[in-house]
Structures are given as structure tokens and as C-alpha cells.
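The values are calculated or read from the model by the stated rules, or taken from the named source; none is laboratory data. What you see is a predicted model, and the numbers here were worked out from it, not measured in a lab. We place every Cβ from the backbone using ideal geometry, glycine too, and count neighbours over all the protein chains shown. In case anyone asks, the SASA skips ligands and DNA or RNA and just uses the protein heavy atoms, side chains included. Shrake-Rupley method; radii C 1.70, N 1.55, O 1.52, S 1.80 Å.
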Amino acid sequence: MSFRKEYDRVQPDDFLRITEERTGEEIPILIPAVEERLGGVIAAINSIYSNTRSNVVFYIITTNDTMSHLSSWLQRRELMNIKYKILEFDLRILKGKVRSDDDDSPEVKSLTFARFYLPMLISGTAKAIYLDDDVIVQGDIRELYDTELKPGHAAAFSEDCEISSKVLVRGAGSQNTYLGFLDYKKETIRKLGMKAGTCSFNPGVFVANLTEWKQQNITEQLEKWMEINVVENLYGGALAGSVTTPPMLLVFYKQHSSIDPLWHVRHLGSSAGTRYSPHFINAAKLLHWNGRFKPWGRTSPYSEIWDRWYIPDPTGKFHPVRRHPEEEDAH
């Protein structure tokens with residue numbers, strides 16, 4: 001299965017070149033782009049590019065009906081120096097691998113699996129970063145890219161048993177161990193011998209060693225668990241409600257490295273209230289609004305940080321939802 005490259009800008013436009021053209025080692029970043037969440041992609045990209053001097057190239061994976069909208073947005077003057085490649089995700093690759101009984105829209109559900117196919121989407125490099133669209137980067141992305149992966153490890157994640165994360169996840173339903181994501185009543189899970197109390201990790205931000213990924217057939221392993229789940233529903237009844245986390249937990253069980261906790265401060269979208277101190281939020285290198293309260297929505301915490309990086313949609317299709325002053329006064 002191949003992925004068709006539709007739009008490609010890997011060199012800045014001559015008349016808008018930054019003072020010091022970005023050269024040297026490329027830092028490839030894969031990010032999914034769903035039509036109804038496109039503003040998140042733009043804000044994430046803008047925050048990454050603005051906080052580094054490194055030679056970043058964005059691989060934006062999307063579907064055919066979103067390509068022209070995304071391309072026109074990326075022509076905004078503020079984004080003209082950004083290097084990117086827009087790739088169309090071929091939904092046929094998921095045939096027979098995805099259940100039809102979860103709540104996400106078909107487009108969201110399909111594109112969330114793009115991370116499983118990293119080596120097919122990004123070639124010619126040994127290392128890459130994957131990011132969800134609901135993040136803002138406040139540090140230099142090179143620090144994350146330089147994360148050291150242990151020999152034999154294909155990826156580095158942030159574990160959910162860190163103190164700051166643990167408290168938050170408990171509030172969302174004790175989803176900080178394998179038990180929160182996998183159905184241990186199923187024999188297929190039990191016979192694996194994976195301890196239910198093992199710390200889970202969040203795959204919305206990770207660094208991948210693509211050489212190891214290919215050598216270990218990680219994509220094929222993930223697809224195998226997807227296919228088994230279609231038949232056996234190994235995690236449909238679990239607390240988490242995530243379709244991509246369980247297969248990654250199964251494949252990377254005790255076989256992954258760790259990223260600096262400040263490079264994945266998450267659960268900002270797990271409730272409408274603020275859970276971190278302003279000092280901690282300012283110190284965070286990467287903020288992740290995983291959960292139902294997205295930073296472009298009406299009741300999201302810390303949306304003022306996201307607003308700093310958002311660039312309005314030239315087509316007028318996407319609008320962040322914000323409370324009016326009179327609503328704020330009533331709270």
C-alpha cells in the first residue's frame with residue numbers, strides 16, 4: 001500500500017527567506033490533519049517552528065477532501081517559510097482492521113492509525129517524531145528529537161505513572177496502567193502474561209527509531225493486534241476508549257525508552273478546570289490537550305496559550321469557540 005504525496009514545499013519561498021536559512025539534519029515530524037480539527041494542526045506547527053532554529057520538515061497526513069483546505073491555510077504569510085509534505089492517507093489500508101462500534105467520526109478514527117505506518121510515510125531518515133494535533137510546543141523540538149533510545153528500542157514514550165500524570169489520570173478513571181486499556185477478562189490478553197499493573201504510556205507524542213521499527217516489523221505487529229481485536233474485542237470494554245493506545249501497549253510492552261516528562265505534559269483536556277500551576281505550565285516543553293476538552297473549544301483550560309499560536313483560517317471554515325465576556329462574568 002502506498003501513500004500519495006499531494007503537496008510539497010521543502011524549500012522556503014525566496015522572497016520570504018528567514019535571515020539564516022535552516023539547513024543541516026532534517027527533523028521529520030508526522031502529524032495527522034482532520035478537517036474539523038485543522039486549526040489544531042496549524043497552531044501546533046506554528047509553535048514548533050517558532051521555537052526552534054532546526055531544520056524541521058512536517059509530514060502532514062490527511063485525507064483527500066482536506067488537502068486543498070490545508071494547503072491554502074499553509075500559504076498564510078506567517079507560515080510561508082515552513083517546510084512540509086502533505087500526504088494522503090489511503091483508508092483501504094485499514095480494511096478488516098478497525099471495528100465500527102466506537103464513537104469517533106470515520107475520518108478521526110482512520111487518521112489516528114497513521115502513526116502505525118511511520119516508515120511508509122517518512123523515508124530516508126532513521127528517526128522521526130510523531131505528534132497529535134492537540135499539542136503546543138514551548139521548547140526547542142530538537143531536544144525531543146535528541147531523546148536517546150536504548151539499543152533495540154523502536155520508540156520512546158512518556159509513561160503514565162509519573163506523579164503529575166498519575167494524579168490526573170486517576171481523576172479520569174484510573175487509566176495509568178495496562179488494566180485501564182486492555183480487557184483482562186479475555187483469555188487472549190491473560191495468556192500474554194503482561195502484568196495488569198504495568199504503567200501505560202500515551203502514544204500521542206513519541207520519538208521513533210525507524211530502523212528498529214522496520215527491523216522488528218512493528219507495523220505488522222500492530223496490524224495483527226488490530227485484526228485480532230476486530231474479532232475478539234480485546235479492549236472495547238476498557239475504561240480508556242482509545243483505539244490506538246491498546247495495540248501499542250501490546251507491541252511495546254517493556255520494550256520502549258522514555259522521554260523527558262516536561263516534553264509531554266498531558267491531560268489538559270481531561271476536564272474543564274485547570275489542574276496545573278501557571279509556573280508548571282510555563283516550564284512545560286510540550287502541552288497536550290488529550291481528552292474531550294480541546295483548546296479550540298468553549299470550555300478548555302489554558303486555551304489562552306493555544307491562542308498565541310493559532311493563525312486564523314483564510315477560508316473562514318474553522319473558528320475556535322470562545323466564551324463571550326458576559327459568559328465569563330457569569331462564572
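Extending 7 Å from Cα along the Cβ direction at Glu21 and again at Ser123 yields two label points whose distance is 2.5 nm. Each listed q (0.18, 0.21, 0.23 Å⁻¹) maps to a log10 I(q)/I(0) for the range 235-316, found by the Debye formula over equal Cα scatterers with no solvent: -0.93, -1.07, -1.14.
Placing pseudo-labels 7 Å out from each Cα toward the beta carbon at Gln215 and Thr299 gives an inter-label distance of 4.9 nm.
Surface exposure of the range 213-287, expressed per residue as accessible area with a 1.4 Å probe, stands at 43 Å². Over the range 172-305, Cα pairs under 8 Å with separation of 6+ residues give a relative contact order of 22 percent. From the cross-link list Lys95/Lys254; Lys109/Lys214; Lys83/Lys317, which pairs have alpha carbons spaced over 27 Å apart? Long pairs (Cα-Cα over 27 Å): Lys95/Lys254. Ordered by 1.4 Å accessible area with all protein chains kept, Arg92, Arg37 run largest first as Arg92, Arg37. Distance between the pseudo-spin-label points of Phe280 and Glu78 (7 Å out from Cα toward the beta carbon): 2.9 nm.
A full extension of the chain between Asn64 and Ser100 corresponds to an added length of 10.8 nm, given 0.36 nm per residue minus the alpha carbon distance.
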